[in-house]
1. Would you say ILE175 is aliphatic (A, V, I, L, M), surrounded by 12 or more Cβ atoms within 10 Å (Cβ to Cβ), in contact with a helix residue (DSSP H, G or I) (Cβ under 8 Å, 6 or more places away or on another chain) and under 27 Å from ALA262 (Cα atoms)?
2. Taking segment 129-154 only, how many residues are surrounded by fewer than 16 Cβ atoms within 10 Å (Cβ to Cβ) and out of contact with any His (no Cβ under 8 Å at 6 or more places or on another chain)?
3. Need the failing condition index for ASP165 against (1) without any contact (Cβ under 8 Å) to a residue 40 or more places away in the chain; (2) outside any loop (DSSP other than H, G, I, E, B), just the number.
4. Identify all residues within segment 206-240 that are assigned to a helix (DSSP H, G or I), surrounded by 20 or more Cβ atoms within 10 Å (Cβ to Cβ) and of a type outside the set (A, V, I, L, M); write none if there are none.
5. Might you check whether a residue that is closer than 28 Å to THR4 by Cβ, part of a helix (DSSP H, G or I) and over 23 Å from the mean Cα position of the chain (by Cα) occurs anywhere in segment 126-135?
6. Please give the number of the condition HIS170 fails out of (1) under 22 Å from LEU267 (Cα atoms); (2) in contact (Cβ under 8 Å) with a residue 12 or more places away in the chain; (3) surrounded by fewer than 16 Cβ atoms within 10 Å (Cβ to Cβ).
7. Taking GLY243 and the conditions (1) at pLDDT below 90; (2) surrounded by 14 or more Cβ atoms within 10 Å (Cβ to Cβ); (3) at negative phi, which numbered condition does it fall short on, given that it satisfies the others?
8. Out of (1) of a type in the set (D, E, K, R); (2) under 25 Å from ALA256 (Cβ atoms); (3) not in a strand (DSSP E or B), what's the single condition that is false for LYS203?
Amino acid sequence: MICTSCGIQIVESSTIYKCRQCVNHFVCKACTKKEHNRPSSSHHTLDKMRTLINSTTSAHSSLTMEGKSAEVKTDPQARSTSIFATKEYLTMFLSYCDHCLKVLVCGKDIIFNCDQCPNNFCICNQCLSLMPNQHPSMHTFSKGTSPSELLQRAHDLEHFDVICDRCRRHNFNGIRHHCEQCQSNYDLCEKCIDTIHKHHTFKIMPNSFLHAHNNSMLAKRTLDAIAKNTDTQNLTWRDPITGWTKSDAENMIQQAQKEQEAYITQLQNISEHELGDAKKAQETQQELHRFTMDGLNVQLSLLNDKVLYLPRR
């Protein structure tokens with residue numbers, strides 16, 4: 001788990017504090033003394049909690065930290081790693097198995113969808129053989145969208161109102177790299193990250209729509225875990241992967257929906273603006289064509305007049 005106040009990893013044996021007002025704000029004991037973390041009407045209220053990720057969870061996944069293997073099931077170091085810092089969470093669409101609740105990475109994991117269920121019931125490859133006994137036997141399953149297409153969809157999402165500080169590309173797609181040391185916003189696209197500004201460290205900033213989607217998926221998974229397990233009915237129970245309570249998950253789903261709607265609205269506005277610009281360009285081109293034709297007609301008229309009044313020999 002990474003302290004979201006100081007950015008230093010919290011070891012598994014240490015005490016973790018969760019903010020009541022924020023969904024993803026977890027801090028170490030040292031940071032509870034910082035001014036912006038102290039309880040007040042305008043700051044944060046922190047609750048002491050146990051270690052978030054442990055080996056008892058059955059919903060382990062094979063997410064990686066910046067490309068390094070971090071198997072939550074067996075690696076002690078990975079058990080103290082936040083899912084919110086994984087490259088998969090930051091750059092790919094996430095889902096989960098509706099049977100075992102394992103977190104799935106769209107584009108890496110094999111996912112099967114029920115052909116009959118209307119609510120997009122999906123399962124992992126390991127649970128497919130269990131479905132004849134665990135799911136209506138007349139239902140059939142088929143592989144979901146191809147991994148390459150899912151990866152491309154995530155890659156094509158644009159970072160609105162962001163400019164690459166090297167190539168000056170506006171609303172670029174792909175991975176956004178944000179400098180952690182510059183006081184002003186300094187961002188590089190995935191094509192420019194290794195070409196400039198190498199003396200500073202960067203972190204991946206997720207696309208807003210992707211970020212909202214993944215938070216929504218993890219929140220729905222938390223609610224499904226509560227519904228399936230009678231031991232989780234306590235309102236203070238926290239999901240071992242995200243650290244969210246039932247209330248946190250419900251609030252996250254509402255927040256994610258607003259963020260996704262805002263992204264779609266912005267996308268529609270940009271499309272309408274571009275369509276308007278294209279229409280204006282077309283009208284300008286038509287006006288230019290009319291002006292050119294009018295000019296040619298005038299010239300032809302003058303030429304005819306000259307021909308008409310040419311003196312005869």
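The values are calculated or read from the model by the stated rules, or taken from the named source; none is laboratory data. It should be emphasised that the depicted structure is a prediction, and the values quoted were computed from it without experimental measurement. Every residue, glycine among them, receives a Cβ derived from its backbone with ideal geometry; neighbour counts consider all protein chains shown.
1. Yes; evaluated as a whole, the condition is true for this residue.
2. 16
3. Among (1) without any contact (Cβ under 8 Å) to a residue 40 or more places away in the chain; (2) outside any loop (DSSP other than H, G, I, E, B), the lone unmet condition for ASP165 is (2).
4. PHE209, HIS213, ASN214, ASN215, SER216, ARG221, THR222
5. Checked segment 126-135: no residue is closer than 28 Å to THR4 by Cβ, part of a helix (DSSP H, G or I) and over 23 Å from the mean Cα position of the chain (by Cα).
6. (2)
7. (3)
8. Checking LYS203 against (1) of a type in the set (D, E, K, R); (2) under 25 Å from ALA256 (Cβ atoms); (3) not in a strand (DSSP E or B), the one that fails is (3).
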